[in-house]
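These notes concern the structure reproduced below.
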Amino acid sequence: MTTLTNGVVLPPLPRGGEGWGEGARRAQATGNSQHLNHKNTAPNRITVKLLLIAASLVWTNSALASPSLAEIDRLRMHADAGRDDRALDALLASARAGSADAQRAAGEALLNRVDQVRAAEGMRWLERAASQNDIRAMILLGKAWLFGSLTASRAPDAKKARLWFERAQPSVNAQAAYYMGLIEKGGYGSAANPARAAEHFRLSAQQGLPEAMYLLGNAYASGEGVDSDPREAMRWYLRAAAFEHPQAIQELAHAFARGDTLLPQSEFQAEQMRRAVEHALRHPKAAP
């Protein structure tokens, strides 16, 4: 067996008396060994070895052109926070080759550049990824339109944002449901709809998003879009707090301090919750 420097293992080359061509196989079948002399076999062996090496190089180049999702994510982090142009170029090469993951990663990295031209290019790459049904690209496009960008001169557009979040299927996507809830809650140029906002937050919370759990708790606490229910509000605060959501933990601290709903009065527990809030704020989690 032959192992190349890239780790590819080649099959063993033929030994003396074995041939690769049809003529050699006929010679073996008839026992005519004169076709298998050293002069005929050696060039054959060299040619086959070169072909196998060439094939392995083609395979290697193909693998490099299609990096794994972990490699793409690593390149995105270097291109984004590290502002590494070589990493960005590698992402763009894979994006041009048609990788939806690379298109999304390149788009996300470009969106975070202060250059208006680069940001516009990032939007185009995200749209190409979304055209391949990349849900994460749809979410990024929705957020880009919902919040806009001063550096990229992109004004917020809730209508465009809504279209992208709807394409991301809120019924099965926690992030899409959460942002649809924000749009319904805030109105964003149209009348707010608290009931629909609460329903979207419920969809998102049931899929495990702590930000939605907290906002659903607020809805039950205030009776906004749902019937007021302090006990149900506290249940959602407890669930969000389990994910170290700082505002939800703060609500628990207040509840322990005053002693109401599901929690008995306990200054000790209230102090523990305050410390937990400090910890959560020192270790913030990424926005959904």
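The values are calculated or read from the model by the stated rules, or taken from the named source; none is laboratory data. These figures come from a predicted structure and were not determined experimentally. Reconstructed Cβ throughout: ideal geometry from the backbone, glycine too, with neighbour counts over all protein chains shown. Remember, those area values only see protein heavy atoms, side chains included, never the ligands or the DNA or RNA. Shrake-Rupley method; radii C 1.70, N 1.55, O 1.52, S 1.80 Å.
If r is the Cβ-Cβ distance from R275 to R196 and R0 is 41 Å, what FRET efficiency results, to the nearest 0.05?
Result of the calculation: an efficiency of 0.65.
So, by mean Cβ neighbours within 10 angstrom, what's the order for 123-129, 272-278, 101-107 with the highest one leading?
Ranked by mean Cβ neighbours within 10 Å, highest first: 101-107, 123-129, 272-278.
Over what distance in Å are the Cα centres of the range 123-138 and the range 154-212 separated?
One Cα centre to the other: 19 Å.
Is there a pair in K143/K285; K160/K285; K160/K185 whose C-alpha atoms are over 19 Å apart, and which pairs would that be?
K160/K285
Determine the shape class of the range 171-243: with a ≥ b ≥ c the square roots of the Cα gyration tensor eigenvalues, call it rounded for a/c under 1.5, and otherwise prolate if a/b is greater than b/c, oblate otherwise.
oblate
Would you work out which of Y220, G208, A233 lies farthest towards the positive end of the dipole of the range 204-284, given +1 charges on the beta-carbon of Lys and Arg and -1 on that of Asp and Glu, about the Cα centre?
G208
Give me the percent of the accessible area of the range 169-288 that comes from carbon and sulfur atoms, probe 1.4 Å, all protein chains in place.
Here it works out to 51 percent.
Order these peptides, 68-78, 247-257, by their mean beta-carbon neighbour count within 10 angstrom, highest first.
247-257, 68-78
If amide hydrogens are placed 1.01 Å from N in the peptide plane, which non-local residues have theirs closer than 5 Å to the one on D260?
none
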